[in-house]
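J.: Next up is a structure, given as C-alpha cells.
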Amino acid sequence: PRHMDSVLDILDALESPARGGSPGTTAALGRGLGICSTPGCRAVLGEPPGTPERPPALTPGQWQLLTELLRYDPATPELGVVLAPDGSTVALGPLLAGIEAGLRSGGFGRPLPTLDPPADPLLAVTIAEALGRSFLLTQEGDNNATALGPGGCWDDVENPQNYTLRGAPSPVPDPVAIGAMDGVVLGARLAQEPLPVAELLRGYYGIGNGLKAGRPLSSYRRRDFRALVGQGRLEKEVAAVLGVLKTLSPTPEFLTDVGTQEVAAVARWAAREFSKRYVECPAIVPRCLWGARPYRGTPALLQPPLGSVFLHHTLEPAQPCRTFSTCTRAMRDMQLFHQDTRGWDDIGYSFMVGSDGYLYEGRGWHWVGAHTKGYNTQGFGIGIVGDFTATLPDPDTLALVRDELLPCAIHSGHVRPDFTLHGHRQLGNTDCPGNALFQEIQSWPGFQ
C-alpha cells in the first residue's frame, strides 16, 4: 500500500546498523532515485549520485515501491505521495529533501554550501524554490492557471494505491505543500538532534497512536510551520532562492528576463497565497477521504458571505474521536443516521470537528445544510464530535474552532466579519451543544 507504514518498513530496513545502515542512508538513496532533480535542490544538496542498485536489505517489491515514489516528475508530482496515519497525503520528495538538509546542517554528513545571495537551505529544498517557480509560471501562463493545489482522494484509504487530484494540477498540489511543511518542521528538528529517520517519522505521524496518546504531532504542522516560517520570512526566502537560481549557469528557463522587482512581487504574492491556503486556515478532510455516500437529490446553493455560525455537539458518538480512523467511522455513522433514519439528503452539518486536529467536510462551504431548523440558509452548522454536556472538548479542539476556523471563514469570504455565533439551543428546543460547551462559547467572539 502507498501508506506511510510501508515507507517506514523500508526505512527500518535501510537504517538498520546490523545491515550497515545509518540515518543518512535514506536521504542519499532518495537523491539517487530523483527527489532532488530541480536546479535549486541540486545547488543545495549537490548533484545526485549515479542510479543506485537495490540494497540487499530491501525486497524487490519494496524497491519497486520506493523507486516509483521517489522518481520525481514535475508534470505529475502527485505520483510520489503516500497516505499518512493522520489522514493527510504527503509527497515524499520535499519531505526527504528537508530531512537531508536538516541532518547535514546538524553536522551529520557533508556540510551544506553557503548560498549567494544568502538563502536558507532547508526552505530552498522544501518549499521556496517550488513556490517561486509555480507562481512565476502561473504569472506567465494563461489566466486559468493555478499556482497551488488542488487536493485529491485515494481509491481506498485502507489499501491506498491510486491518488487522483480533484481539479487542474499545479506544480504545488496539496500533498507537495504538506510534504514541504513536514520537511521544514522535521528538518529543523534534525538540525538540533540527529535521529534515525524511521524513528522520527513514526513519532511525528502518530503510527500506533492510541486514544490515550492524544493528537499526532503532524496534526500541528500548520501551527509549527507558522512558528518557524512566518509569511514575511517565507517571502524573503522565495525571493532569495530565485536570486540563487539566477546565478546558476545556465539560468533556468522560467527565470529568463525576470527582473529584481518582478522577483520581489512574485515572492510577496506566493508567500501571501501559500499562507492563506495552508497556514492561516485549518485542514479539512474531504468527503471522499472519510468515505461519504453520495448526496441524495439536488443540493441547494448557499449565498455567501453568511451572517451566522451555529455550534453543535453530536451527542452520539459521545466520546471525542482522536484518530483519523475513529473520526472517519463517526462521520460515516452520522451520515447513515441522517440519511436513513432522519430521511435527510445528506449528513446535516456543514463541518464536523474531530479531536484529532482536523475538520471533516459535511455539506461544506457551498451547500445548504440540515443542522439548525429554520436557519439553514443563514449560517454554517459546525458540529464537534462528542457529548459536551458535562465536559469540554480539549483546549486544542476548542482553539481549532475559535482561533482557526472562525477567522478563516471570515478571511475566505464565507462568513461576514460581523457574524453572530449561536449555540443550537438558542434557536430550537434542544440541549445542544451541551451545557459545558454552551457555557464556554459565551466568551467567544461573535456570541450573541
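J.: Mind running the shape call on the range 278-325? Use the C-alpha gyration tensor, a ≥ b ≥ c as the square roots of the eigenvalues: rounded below 1.5 for a/c, prolate if a/b tops b/c, oblate otherwise. Please list the in-between numbers first.
T.: Numbers: a/c = 1.38, a/b = 1.22, b/c = 1.13.
The shape class here is rounded.
J.: Can you show me the helix-derived [θ] at 222 nm for the chain, built from DSSP H runs with n ≥ 4 at -39,500 (n - 2.57) apiece and divided by the number of residues, rounded to the nearest 500.
T.: Numbers: 16 runs with 166 residues, N = 448.
Taking each H run of at least 4 residues, the total per residue is -11000 deg cm²/dmol.
J.: Sorted by packing (mean other beta-carbon atoms within 10 Å per residue), highest first, where do 52-64, 298-310 land? The partial results should precede the final answer.
T.: On the way: 52-64: 13.3, 298-310: 15.9.
Most protected by this proxy first, the peptides run 298-310, 52-64.
J.: A follow-up question, please. In nm², what is the average projected area of the convex hull enclosing the Cα atoms of the range 210-257?
T.: Working: hull surface 21.8 nm².
One quarter of the hull surface, i.e. the mean projection, equals 5.5 nm².
J.: Another question, then. Give me the 1.4 Å probe accessible area per residue for the chain, excluding ligands and nucleic acids, in Å². Could you put the intermediate results ahead of the total?
T.: Numbers: 19010 Å² over 448 residues.
Each residue of the chain exposes 42 Å² on average to a 1.4 Å probe.
J.: Output the peptides 276-289, 435-448 sorted from most to least packed, where packing is the average of other Cβ atoms within 10 Å over each peptide's residues.
T.: Values: 276-289: 18.6, 435-448: 15.1.
Ranking, from highest mean packing down: 276-289, 435-448.
J.: Based on Cα coordinates alone, diagonalise the gyration tensor for the range 319-391, multiply each eigenvalue by 5, take square roots, and list the semi-axes in whole Å, largest first. Can you show the working numbers first?
T.: Numbers: eigenvalues 80, 38, 30 Å².
Listed largest to smallest, the semi-axes of the range 319-391 are 20, 14, 12 Å.
J.: Determine one quarter of the surface area of the Cα convex hull of the range 1-137, which equals its mean projected area, and express it in nm² to one decimal. Write down the numbers at each step before the final one.
T.: Working: hull surface 35.7 nm².
Mean projected area of the Cα convex hull: 8.9 nm².
J.: If you take the C-alpha gyration tensor of the range 149-197, multiply each eigenvalue by 5 and take the square root, what semi-axes do you get, largest first, in whole Å? Walk me through the numbers on the way to the answer.
T.: Numbers: eigenvalues 153, 48, 6 Å².
Working from the Cα gyration tensor, I get semi-axes of 28, 15, 6 Å.
J.: Give me the orientation-averaged projected area of the Cα convex hull of the chain, in nm², one decimal.
T.: So the mean shadow area of the Cα hull is 22.2 nm².
J.: When the chain is fully extended, how far beyond the present Cα-Cα distance does ASN429 get from GLN319, taking 0.36 nm per residue of separation? Please report the intermediate quantities before stating the final value.
T.: Working: separation 110, 0.36 × 110 = 39.60 nm, distance 2.32 nm.
Gain in length upon complete extension: 37.3 nm.
J.: Let me ask something else about it. Assign one of three labels to the range 365-448, namely rounded, prolate or oblate, based on the Cα gyration tensor with a ≥ b ≥ c the square roots of its eigenvalues; rounded applies when a/c is under 1.5, prolate when it is not and a/b is larger than b/c, and oblate otherwise. Write out the running numbers ahead of the final one.
T.: Working: a/c = 1.72, a/b = 1.18, b/c = 1.46.
Cα axes put the range 365-448 in the oblate bin.
J.: Right, next: Kyte-Doolittle cut-off -0.5, length cut-off 27 Å along the helix's own axis using Cα: show which whole DSSP H helices in the chain pass. Can you show the working numbers first?
T.: Numbers: long enough: 174-192 (28 Å, 0.84).
Both cut-offs are met by 174-192.
J.: Let me ask you something else. Would you mind putting 402-409, 11-18, 32-39 in packing order, based on average other-beta-carbon counts within 10 Å, highest first? Before the final figure, lay out the partial values.
T.: On the way: 402-409: 18.1, 11-18: 16.6, 32-39: 20.4.
Taking the mean over residues of other Cβ atoms within 10 Å, the ranking is 32-39, 402-409, 11-18.
J.: Here is a further query. Can you tally the net charge around ALA264? Count Lys and Arg as +1, Asp and Glu as -1, for every other residue whose Cβ sits under 11 Å from the Cβ of ALA264. Mind showing how you got there, number by number?
T.: Numbers: positive: LYS236, ARG268; negative: GLU235, GLU262.
Result for the neighbourhood of ALA264: 0.
J.: Sort by residue number and report every cysteine in the chain with no other cysteine beta carbon within a distance under 4.7 Å.
T.: So, CYS432.
The values are calculated or read from the model by the stated rules, or taken from the named source; none is laboratory data. Only a predicted model underlies this, so the values are computations on that prediction, with no experimental measurement involved. A quick note on method: Cβ atoms are made from the backbone with ideal geometry, for glycine too, and the neighbour counts reach across all protein chains shown. Note: accessible area is taken over every heavy atom of the protein model, side chains too, but ligands, DNA and RNA are not part of it. Shrake-Rupley method; radii C 1.70, N 1.55, O 1.52, S 1.80 Å.
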